[in-house]
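Read-outs throughout are calculated quantities, based only on the coordinates presented, and are distinct from any laboratory measurement. Computed from a prediction, not measured in an experiment: that's the story for all the values here. Cβ atoms come from the backbone with ideal geometry, glycine included; neighbour counts cover every protein chain shown.
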Amino acid sequence: MEIRNLTCIRCPMGCQIAVQIDRHDIVSVTGNACKRGDVYARKEVTDPTRIVTSTVKVVGGKADMVSVKTKEDIPRGKIFDCMRSLRGIEVEAPVYIGDVIVPDAAGTGVDIVATKNVGKE
Amino acid sequence: MKNYDIVIIGGGPAGLAAAVSAKRNGIDSILILERDKELGGILNQCIHNGFGLHMFREELTGPEYAQRFIDQVNALGIAYCLNTMVMDISHEKVVTAMNRTDGLLEIRAKAVILAMGCRERSRGALNIPGYRPAGIYSAGTAQRLVNMEGLMPGREIVILGSGDIGLIMARRMTLEGAKVKVVAELMPYSGGLKRNIVQCLDDYGIPLKLSHTVVDINGKERIESVTLAEVDATGKPVPGTEEEYSCDTLLLSVGLIPENELSSGMGVQLNNVTSGPDVNESLETNIEGVFACGNVLHVHDLVDFVSEEAKTAGKNAAAYVKGERSAGGGREIRLKPMDGVRYTVPISIDTARMSEDLTVRFRVGAVFRDCYVSAYFDGERAVHTKRRIMAPGEMEEIRLTKEQLLKYPDLKAITVKIEEA
């Protein structure tokens with residue numbers, strides 16, 4: 001039996017939630033003041049996901065860098081793999097919001113896309 | 001001299017939303033003045049996601065959120081000047097600005113919307129002892145270097161202050177390969193949003209030391225280490241609790257200050273608590289036809305509420321220019337913050353001018369659990385709503401309706417306070 005302690009982020013309360021896990025099964029969720037905490041805790045323990053944001057270099061653009069993000073949530077454990085997939089990447093201006101910068105980042109099936117328009121110099 | 005109906009000082013989220021709103025409310029002659037080389041303000045360096053949940057019901061990054069408003073400004077054909085620094089605004093609403101193409105510009109405005117945003121508190125404001133070596137940055141400066149210029153300020157980082165920018169930068173620099181050793185916070189609670197504590201610190205195992213501060217900065221040319229110590233309830237370091245952390249960079253995330261030199265220069269009355277202008281129900285300052293919104297008015301946590309506030313300011317400025325605004329009923333209700341409520345925006349309401357609904361925004365001075373937000377209409381408690389939790393780091397609001405206020409024809413003051421259950 002394992003207990004995972006989490007802080008709920010669904011509201012400013014920040015309930016301290018304890019999730020009791022037996023191998024892969026959630027036995028109990030305690031400490032949450034509302035249903036949203038229960039849902040959050042179960043997802044965080046079984047399938048935590050995040051959006052990753054970063055920047056890459058732009059060649060010949062009005063700005064030196066363009067901001068990027070994973071188009072959707074990726075597993076939390078893949079964050080650093082996603083960052084590695086961006087290493088050394090340069091894109092040529094113009095770049096538009098939504099342009100794919102890295103397809104299928106780190107085997108997640110999720111593309112990394114631009115989040116800013118950068119025009120030609 | 002050029003003439004415009006509305007001149008907006010600042011092309012960040014507040015200025016953009018105010019411009020769009022003024023245009024949609026029938027004003028064609030609008031000019032936005034922006035000192036940076038592009039519109040969007042601080043959102044351009046806020047590359048993380050989480051913007052727009054209230055406004056667009058989706059999670060956008062800062063640049064994406066800004067672009068939504070820039071697109072509207074362009075579609076509506078609203079004029080703007082970039083790389084343009086406003087030097088002065090006179091009491092008569094003559095704006096003096098400067099840029100490299102036009103030189104000195106003088107613009108007469110019928111209405112002015114102040115949307116200059118805020119700046120970061122610096123080391124000088126904190127009185128930290130020690131040398132003045134290289135390697136000490138405000139969190140926002142580091143954010144600009146990393147996200148816009150592609151430069152890393154350092155590799156071993158200590159962060160003082162748990163404001164949102166500091167938390168965001170803890171994660172950002174970790175992702176870029178730096179080691180963030182600790183975040184120290186003077187107060188017994190964090191000044192940042194809960195989600196940032198979890199997703200920027202907990203996710204990466206970065207410790208947050210509450211009730212701790214930097215008592216010494218070591219290193220002469222480049223910072224080599226900082227000494228942290230615990231502080232007591234009065235904020236004084238406790239002897240014997242000192243710990244040294246080696247680092248090459250110290251980031252400061254210790255609060256934001258509305259940037260109001262232009263406002264005070266033109267005679268706008270500022271509030272001691274917010275450092276922003278005192279405004280009435282129309283978000284109008286003590287100078288008629290001068291409105292304020294966004295972080296120049298009071299520092300916000302969420303840009304969504306900046307946009308909402310700016311929309312109101314733009315609408316009211318448009319009504320003022322068109323002469324459609326009621327002269328006011330002459331009956332002014334004062335808003336008084338008390339017992340845990342640090343300030344309110346606005347500070348006064350003219351019932352003849354107010355719209356059907358009015359949002360009163362405020363911050364509390366400490367963490368309150370299971371308490372009530374109450375509003376007393378003179379002696380009578382007219383609003384009493386329960387909150388599970390309120391914290392200084394999260395802006396609060398109550399809504400008043402015109403209908404509700406008109407029931408009290410002799411009302412002079414509304415006191416907003418926190419009450420125990």
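Quick one: putting +1 on the C-beta of Lys and Arg, -1 on the C-beta of Asp and Glu, what dipole do you get for region A:53-114 around its Cα centre, in Debye to the nearest 20? Could you put the intermediate results ahead of the total?
Working: 8 positive and 9 negative charges, 43 e Å.
Magnitude of the dipole: close to 200 debye.
Given the options B:Val146, B:Val367, B:Gly26, identify the residue whose Cα lies farthest towards the positive end of the charge dipole of the protein assembly as shown (+1 on Cβ of Lys, Arg; -1 on Cβ of Asp, Glu).
B:Gly26
Rounded to the nearest 20 Debye, what is the dipole magnitude of chain B about its Cα centre when Lys and Arg each give +1 and Asp and Glu each give -1 at the C-beta? The partial results should precede the final answer.
Working: 48 positive and 56 negative charges, 83 e Å.
With only Lys, Arg, Asp and Glu charged at Cβ, the dipole is about 400 debye.
Please state, rounded to one decimal and in Å, the Kirkwood hydrodynamic radius that the protein assembly as shown gives when every pair of distinct Cα atoms enters the mean of 1/r.
Details: mean 1/r = 0.0400 Å⁻¹.
Averaging 1/r across every pair of different Cα atoms and inverting gives 25.0 Å.
Applying a 10 Å radius around every beta-carbon, put A:19-27, B:20-28, B:39-47 in order of their mean neighbour count, most first.
On the way: A:19-27: 12.3, B:20-28: 20.1, B:39-47: 24.1.
The densest-packed peptide leads the list: B:39-47, B:20-28, A:19-27.
Can you pull the semi-axes for region B:328-421, root of five times each eigenvalue of the Cα gyration tensor, sorted largest first, whole Å? The partial results should precede the final answer.
Values: eigenvalues 112, 33, 24 Å².
Result for region B:328-421: semi-axes of 24, 13, 11 Å.
Which of rounded, prolate, oblate describes region A:53-114, given a ≥ b ≥ c as roots of the alpha-carbon gyration tensor eigenvalues and a/c under 1.5 marking rounded, otherwise prolate only if a/b is larger than b/c? All intermediate terms of the calculation are to be shown ahead of the outcome.
On the way: a/c = 2.44, a/b = 1.89, b/c = 1.29.
Because a/c hits 1.5 or more and a/b exceeds b/c, region A:53-114 counts as prolate.
Explain nothing, just the number: relative contact order of region A:2-47, from Cα pairs under 8 Å at least 6 residues apart, as a whole percent.
Numbers: 71 pairs, mean separation 15.4, N = 46.
Worked out over region A:2-47, it gives 34 percent.
Measure out, as a whole number of angstrom, how far apart the alpha-carbon centroids of region B:329-378 and region A:1-70 sit.
If we compute the Cα centre of each part, the gap is 35 Å.
Please list, or write none, the lysines whose alpha carbon is within less than 17 Å of the alpha carbon of B:Lys179, excluding same-chain residues fewer than 8 places away.
In chain and number order, the partners are B:Lys209.
How high is the relative contact order of region B:122-254, in percent, with contacts defined as C-alpha pairs under 8 Å that are six or more residues apart?
Working: 292 pairs, mean separation 44.4, N = 133.
It rounds to 33 percent for region B:122-254.
Projected onto the charge dipole of chain B (+1 at Lys/Arg Cβ, -1 at Asp/Glu Cβ, origin at the Cα centre), which of B:Gly40, B:Ile349, B:Ile159 gives the Cα projection farthest towards the positive end?
Among B:Gly40, B:Ile349, B:Ile159, the one farthest towards the positive end of the dipole of chain B is B:Ile349.
Cross-link candidates for A:Lys120: which aspartates and glutamates have Cα within less than 16 Å, leaving aside residues fewer than 8 places away along the same chain?
A:Asp64, A:Glu90, A:Glu92, A:Asp99, B:Glu38
If you take each beta carbon of peptide B:385-396 and count the beta carbons of other chains within 10 angstrom, what is the mean? Before the final figure, lay out each step's value.
Details: counts 0, 0, 2, 6, 6, 1, 3, 0, 1, 2, 0, 1.
Averaged over the peptide's residues, the number is 2.
In nm, to one decimal, how far is the B:Asn74 label point from the A:Met1 one, both placed 7 Å along Cα→Cβ?
Calculated label separation equals 6.0 nm.
So how strong a dipole does region B:328-421 carry about its Cα centre when Lys and Arg Cβ are +1 and Asp and Glu Cβ are -1, to the nearest 20 debye? Each step should come with its number before you reach the end.
Working: 17 positive and 15 negative charges, 29 e Å.
It works out to roughly 140 debye.
Identify the GluC sites (Glu not before Pro) of region B:192-268 meeting these criteria: DSSP loop state and at most 11 other C-beta atoms within 10 Å of the C-beta. Write out the running numbers ahead of the final one.
Numbers: sites: B:Glu221, B:Glu224, B:Glu230, B:Glu242, B:Glu243, B:Glu244, B:Glu259, B:Glu261; in loops: B:Glu221, B:Glu224, B:Glu242, B:Glu259.
Those satisfying the criteria are B:Glu221.
Which percent of the Cα-Cα distances in chain A go past 22 Å?
Details: 3628 of 7260 pairs.
Every Cα pair in chain A considered, those over 22 Å come to 50 percent.
Where a ≥ b ≥ c are the square roots of the eigenvalues of the C-alpha gyration tensor, would you call region B:131-246 rounded, which needs a/c under 1.5, or, failing that, prolate if a/b is larger than b/c, or oblate? Write down the numbers at each step before the final one.
Working: a/c = 1.98, a/b = 1.19, b/c = 1.66.
Here region B:131-246 falls in the oblate category.
Expressed as a whole number of Å, what is the distance separating the alpha-carbon centroids of region B:1-78 and region B:278-299?
18
Per residue of A:91-104, what is the mean number of Cβ atoms on other protein chains within 10 angstrom of that residue's Cβ? Numbers along the way, then the final one.
Details: counts 0, 0, 0, 0, 0, 1, 7, 1, 0, 0, 0, 0, 0, 0.
Mean shielding by partner chains, rounded to a whole number: 1.
Hey, what does the equivalent ellipsoid look like for region A:2-47, semi-axes from the Cα gyration tensor as sqrt of 5 times each eigenvalue, largest first, whole Å? Walk me through the numbers before you get to the answer.
Details: eigenvalues 61, 18, 13 Å².
The three semi-axes for region A:2-47 are 18, 9, 8 Å.
So which lysines can B:Lys386 reach, going by Cα to Cα under 30 Å and dropping same-chain residues fewer than 8 places off?
A:Lys35, A:Lys43, B:Lys194, B:Lys311, B:Lys336, B:Lys402, B:Lys407, B:Lys412, B:Lys417
What ratio of Cα Rg to 2.2 N^0.38 Å holds for region B:260-341?
1.13
Quick one: among A:Gly61, A:Gly14, A:Gly77, which has the greatest mean-square fluctuation in a GNM of chain A with alpha-carbon springs under 10 angstrom?
Comparing A:Gly61, A:Gly14, A:Gly77 in a Gaussian network model of chain A, the most mobile one is A:Gly14.
Among all cysteines in the protein assembly as shown, which have no other cysteine Cβ under 4.7 Å from their own Cβ?
Here A:Cys11, A:Cys34, A:Cys82, B:Cys46, B:Cys81, B:Cys118, B:Cys200, B:Cys247, B:Cys293, B:Cys371 come out as lacking a disulfide-compatible partner, given the Cβ-Cβ threshold of under 4.7 Å.
Which residue, B:Thr174, B:Thr213, B:Thr234, has the most motion in a Gaussian network model of chain B that connects Cα atoms within less than 10 Å?
Its mean-square fluctuation being the largest, the pick is B:Thr234.
Which one of B:Pro188, B:Ile128, B:Val112 is farthest out on the positive end of the charge dipole of region B:107-211, using unit charges on Cβ (Lys, Arg +1; Asp, Glu -1) and the Cα centre as origin?
Farthest towards the positive end: B:Val112.
Mean 1/r over all different Cα pairs, inverted: what Kirkwood radius does region B:261-414 give, in Å? If you can, show how the numbers build up before the last one.
Values: mean 1/r = 0.0620 Å⁻¹.
About 16.1 Å for region B:261-414.
Explain nothing, just the number: relative contact order of chain B, from Cα pairs under 8 Å at least 6 residues apart, as a whole percent. Write out the running numbers ahead of the final one.
Numbers: 1020 pairs, mean separation 64.5, N = 421.
About 15 percent, as a whole number.
Could you please tell me the mean projected area of the C-alpha convex hull for chain B, averaged over all directions and given in square nanometres to one decimal?
On the way: hull surface 86.0 nm².
For the Cα atoms of chain B, the hull's average projected area reads 21.5 nm².
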